[in-house]
Every structure is written in structure tokens, then in C-alpha cells.
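Below is one structure, written out as C-alpha cells, with a few remarks after it.
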Amino acid sequence: MKRIIIMLTTAALLCGLLSGCGEKTAKVEKVKSSDSLIVRKIEGIPEDFIMGMDVSSVLAEEASGVKYCGYDGKEQDIFLTLAQSGINYIRVRVWNDPFDEKGNGFGGGNCTIDTAVEIGKRATQYGMKLLVDFHYSDFWADPGKQMVPRAWAGMDIDAKADAAYKYTKESLEKLKAAKVSVGMVQVGNETTGGLAGETDWKNICALMNAGSKAVREVFPEALVALHFANPEKEGSYYTIGRRLDYYMVDYDVFASSYYPFWHGTLENLANVLTQVADEYGKKVMVMETSYAFTPEDTDFSGNTIGEGSNVIKNYPYTVQGQANSVIDVIDTIVNKTKSGIGVVYWEGAWITVGTESWEKNHEIWEKYGSGWASSYASVYDPDDAGKYYGGSAVDNQAMFDVSGHPLESLKLWQLVRTGNDAPVKADAVEDSLLTFDINAPVVLPDKVNAVMTDGTRQSIPVTWNVTQSDLDKMNAPQAAKYDVYGEAGGMRAYAQISKIKYNYVKNHSFEDGDENWVITDLAKADQIYVESKVTDSLTGEKHLHFWSAAKNSVEFTAEQNVGKIPAGRYSFSMSIMGGDGGAQDIYAYVKADGEIIAKAPMKITWYDSWDTGTIESFEVSDGQDISVGIYVKCAGEGGGAWGKIDDAILNSAD
Ligand code: CA
């Protein structure tokens, strides 16, 4: 108790000495552990490393009736909870004028500089710094959209730069007057291909310098950041860095968005940022990242990612998966990137405003601007926001649950500094997709692949819920699909069983060239090779082509060893077309232990007249080594024998 009193006294003294020091900073007790979240300790995190959270929508959320809780389950100022979780920077976007003529908000939090002042005051109260994100637009700015603010429309670049300078300066002075602790100011948002309606880099840079000048004048201690997206585009950041250098843009931080489902690998991110840091001597950081803790949508407005998303799931959509995704980003910026200064999470508190219905939520979104866009946005952005307005697209990427309780993943920002142990268990179970020949017995695996909470992958035991009669049904010799469910590591396991007429021939249509095939040329033909020509193929794009001018120069086999296959009756076929064969001996064949056991004759006649040689039924017994193939011998006539061979099929006989 005594120690706390001393600390407060010291803080009060410092406040008295330092100019610009805000109101008394509340004491914040940082989280120390988690019972369920595994956090690996990241070595070498600087004390002042930026652990940022963008909560631009939070005031609109609160106005909409959303309540946030602390870790004790009781309602608590979300900014205190964030500070307790190790967050030291709060980011907020600022739009020039996100309202229509009647004062109806466009949504997305209706964020203006006044929003930033309110959020900034609350952040400062708990010792966090503010990161101001000027979009220089009346609504969302991103790589695909950099619309000019309505008040600046029609201005030439000099007038627009002047307007940007004045607007930035006046805005920042409001923050200064409110004693907000501003740590960084972003001049433009995801300005990869434009800014405030300008797409020429000379003009973009002029606007950036205008904003930067205002930042230097009002907050000389603050960092000036520029923010770009699409690090995965080869050479893009290097080129942007060169342009900024050429036009002498005054900035400190080259920042990138990094959404793991869009923006390539972390290794690439580290490389492209390090290149900029090296070449142009800038600090670098991740300005936006996020990941889903659940595939479920909770606000009746579709999400960016979720169930069925076409994304590479390096991390499961779980609380631990979300945390692991962010921990890897932090590790990359701290330890694998030169001059990396921070990571900011995007909109970690944008949860649903209600759970009843879309209609109810829609009313609230329209009134308070707590959805990504309201219908009023149509006056500014008729083709996108004006059509597709709605709620939160990232409620499943928040670090708060549907009822405003912080997820354990929120603790990662503090716990990466110390590490946190928890029992390792399965976090997600991979689906098993199994294909069987119609005559082969269905064998369910006794293990399935799982992603563990520590991020590793393991095979874990599975129990399938199948009865003998289910198995009997699946073993009936017919083509069909079956769904089988079970349990593994306390989670649902799923197997899809496909019973098909399985073709034991690999690369059966020559689509992978001559892979798996052995071509034996017995008479030195001019040409035998896999040709890519759709019109000459029976199926697919490729086939085996032959031609040879001289008489009796066509004699070859194309054979594939399929090894040991289950005992039973099989059929085999191959197809050919061609011409000028003259006297010919062509047949599909099957070999068992090196001896031909069955043949089916074929003929070449004229172009596009395919002939299929089919061995209807032959017996394979246990342990026999099976090969299949085609033998072609032509005397040739005219310009020489030629032909096209395709589609070898070996499957169970009917
Ligand atoms: Ca949603």
C-alpha cells in the first residue's frame, strides 16, 4: 500500500515538472497470467515497443448500448481493460466530414477529430498514447479507394495541400488543447495508390508533406507515419520508398497493414520492411493486423473471414489461434525486421450491437453509426457503402466476446513479454477426406490431424460414431458419399467418405507429362512425346503423341507399374486415334509379375476417330505386381504412321 502512495507522489511530481503533462494517470495493474492461453515469450521486446489497438468504433458502440467488461466480469472502462492487457497505444481514424447535409453519420463510428479527442482523453488517462490516423477523406480510405473530401473537391494540388495543412493543424491543436498524449500521427491511410483523390505520386507526396509539416509544428515529439498495404506485391514497398525519397517526404515510420489471409508470408513482410528500413533509414511497423477467434457471425452482417472463407488456415479460428497469429506478427517485427517499432491490432472491440435481428441492429447502426456504413453514406460513396451498408465485418475478429467480455487472447500483449504456460491441448481438428474404390473395404483412420494450442500439429486419436450397419452400408459396392462424425481431443471430428470407381493408374491422362510412365521405343521413331493440344486429346489438355516417317519405324510400348492392388476382378482400357498406320498391331495389355495376362486390340484409322481397347475383366490375386500399358506397332504408309494415345483406366470390374 505504501509503495503505491510513493509511486503516485512521484507521478504527481513529474506532472508538475513536465509541461504538457495531462491529468493524473490512473494506476493500471497489468495482467500477469492466463489459465488457458499459451503465450510463448518473445525475447528482446523493447520496453517502449508499440502494442497498439485500434478502437475507432468504440464511442459509437457505447452509444449503441454496448457494454464492455473487465477480466473480473464486471463492467469496466474498456480503456482500462486495454491498458491492463499491455496495450500502450490507441489508434483512431479521423475523417474530415462523415455526415450528410442533415447531419446523419456515414457509420464506421462516424469518426472525426472530435472522436479522436474523446478517445484520446480516455487513453491518456490510463497512460496510453494516441495514434491519430488521418484518412483525408470523408469516409473509408484504403488501397482501392482514396476519395477526396467533399470540401476539397475541385481544388488544384496547391490549394489542396494548403487545405490539408490547415485541417491537420487545426485538428491536432484540438488534441493538444485537450492534453491528449499523442505519440504518432498517420498522414493518410493505406495510401498505396492514392491520397485524397490524387493518384500522381508528386501530388500524393505534396499532400503528405503538408500533413507532416502540421504534425511537426503541433507535436514536434510525435512520430510521423505513412501507411501502406499489400506487402506481398513484389517490389511495391521498395518502389514506394524510392518515390517518397525522391519527393523528399518528411516522415519517420513506414507502416504496413498485415492481414495473414491476404498479405503473404511473415517472412516476406519482414524482408520488404527491412529493405525499406535499410535503404531509407526509416522505422517500420505493422499498422493493422487481425485474426478471427470464431468462424461465427454475431451481428447478422457478413464478416470479412469466417466459415468457408477461401483462406489458408495457418491458424484455426479460435481464441488461441487468434492469439498465435498476433504473437507471430509481434515476433516478426521485434526479432526478424530491422527497426521494427510496433504492432497495432485493428478494431479489437467492434462487437455486435445486438443479438436479436438484423432489423433491430440496422436501426441502431443507422442512428449511432456503429456499423461499417449507414445508408446515409450513399451521398458520398453510392456504389459501395451506399449499396452494401451494414454492421461489423470483424465482430469475429474482436478481442471481446459477443457480450463484451475480454477474450483471453487480449492478454497476449502483456504476456508476450513474460510468456505464459497453460495445458497443451487440441485446438482444432482437420477434416478427413477419404476416397475408396467401390470394392475396397472402408477403413476409418484411428488418428486425425489436429492443430494444438501451442501451434504445433499432431496426430491425435479419434473415435468415430459408426455402427456395424453403417459400415455394411458403406461397404456396399456402389459409388456414393458418406458423412461420418466422431470425437477427437474433445472436439468434433468429421470424415467424408467417397466411394468411387477408383482408377489405379496415376497420371492416367498424361496431364503431368510422362510422369509415372515408361516409354520404350523399339524401332527408333521420329517422335514419341507427351503433347499439349486440347483438340488432339481425348480428355484434358495433353496426350501421348507419336509420328515416324520411315516404314516400320513405329514400335513402342507405354507402360505403368501400378504395383500391388487389392485382390479382385478388374478392367483396363486405353484409347488411341491416328492414321497412315498400314499394317498394324496395337493393343492394351495387363502384366502380372512381368508376364502379359490379358490384351485388348485397337486400330488407328483417321483423325479424331478414337478407338478404345477394353479388357473387360481379369483376375488379380494377392501380392501380384501389376503393370498396364499399350503396345503400338505400325508398318506405316504415306507420310508415316501417326497417332494420339490417352486415358488409361484400371478399375474394379462391374
Ligand atoms: Ca458481422
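For the reader, a short list of remarks on this structure follows.
- Which of 502, 228, 300, positive extreme of dipole for the chain (C-beta unit charges): 228
- Gap separating the Cα centres of region 486-539 and region 407-479, nearest whole Å: 28 Å
- Dipole in debye (nearest 20) - the chain, about Cα centre, beta carbon charges: Lys, Arg +1; Asp, Glu -1: 2240 debye
- Of the solvent-accessible surface of region 62-187, computed with a 1.4 Å probe and all protein chains present, 48% belongs to carbon and sulfur.
- Projected-area average for region 487-528 over all orientations - Cα convex hull basis, square nanometres: 5.7 nm²
- Under the Debye formula (equal points on every Cα, no solvent term), log10 I(q)/I(0) of region 24-96 at q = 0.12, 0.14, 0.19, 0.25 Å⁻¹: -0.44, -0.59, -1.01, -1.35
- Cα long-axis angle, helix 201-218 against the chain (0 to 90 degrees, to the nearest 10): 40 degrees
- What separates the Cα centres of region 35-114 and region 180-199 is a distance of 19 Å.
- For the chain, convex hull volume per residue from C-alpha positions, Å³: 222 Å³
- Residue-span extension gain [residue 527 to residue 356] - 0.36 nm each, minus C-alpha spacing: 54.5 nm
- Expressed to the nearest 5 percent, the antiparallel share of DSSP beta bridges inside the chain is 70 percent.
- The heavy atoms of residue 357 offer some 30 square angstrom of accessible surface to a 1.4 angstrom probe.
- Both radii were evaluated on the Cα set of region 425-523; the Rg over Rh quotient, with Rh as the Kirkwood radius, amounts to 1.15.
- With Cα atoms, 0 to 90° folded angle of helix 266-280 axis to the chain main axis: 50 degrees
- Computed over region 190-234, the P(r) tail beyond 16 angstrom holds 46 percent of alpha carbon pairs.
- Solvent exposure of the chain, expressed per residue, is 44 Å² of accessible area, with all protein chains present and a 1.4 angstrom probe.
- Rolled with a 1.4 Å probe across the full set of protein chains, the surface gives residue 40 an accessible area near 110 Å².
- Treating each Cα of region 600-654 as an identical point scatterer and summing with the Debye formula, the log10 of I(q)/I(0) at q = 0.14, 0.24, 0.26 Å⁻¹ comes to -0.53, -1.13, -1.26.
- Cross-link pairs exceeding 28 Å in C-alpha to C-alpha distance, out of 145/338; 542/599; 121/367; 501/542; 166/367, comprise 145/338; 166/367.
- Inverse mean reciprocal Cα-Cα distance (Kirkwood Rh) of region 553-654, Å: 14.0 Å
- Cα convex hull of region 205-339, projected area averaged across orientations, nm²: 9.8 nm²
- Apportionment of accessible area to carbon and sulfur, region 522-599, percent (1.4 Å): 48 percent
- The chain: angle of helix 319-331 to the longest principal axis, Cα-based, in degrees nearest 10: 80 degrees
- Heavy-atom accessible area ranking, 1.4 Å probe, most first, across 591, 174: 174, 591
- FRET efficiency for residue 169 and residue 267, using Cβ-Cβ distance with R0 set to 51 Å, rounded to 0.05: 0.80
- When 262, 201 are compared by accessible area at a 1.4 angstrom probe, the order from most to least is 262, 201.
- With helices as the sole contributors, the chain gives -7000 deg cm²/dmol at 222 nm; each DSSP H run of n ≥ 4 counts as -39500 (n - 2.57), and the sum is divided by every residue.
- Added length on full extension, which subtracts the Cα-Cα distance from 0.36 nm per residue, residue 75 to residue 654: 201.6 nm
- Charge tally in the Cβ shell below 11 Å around residue 560, where Lys, Arg are +1 and Asp, Glu are -1, residue 560 excluded: -1
- Accessible area of region 261-348 belonging to carbon and sulfur atoms, whole % at 1.4 Å probe: 46 percent
- The Rg/Rh ratio of region 110-263, with both radii computed over alpha carbons and Rh defined as the Kirkwood radius, is 0.96.
The values are calculated or read from the model by the stated rules, or taken from the named source; none is laboratory data. It should be emphasised that the depicted structure is a prediction, and the values quoted were computed from it without experimental measurement. With ideal geometry, Cβ positions are generated from the backbone for all residues, glycine too; neighbour counts draw on all protein chains shown. All accessible areas refer to the heavy atoms of the entire protein, side chains included, with ligands and DNA or RNA removed. Shrake-Rupley method; radii C 1.70, N 1.55, O 1.52, S 1.80 Å.
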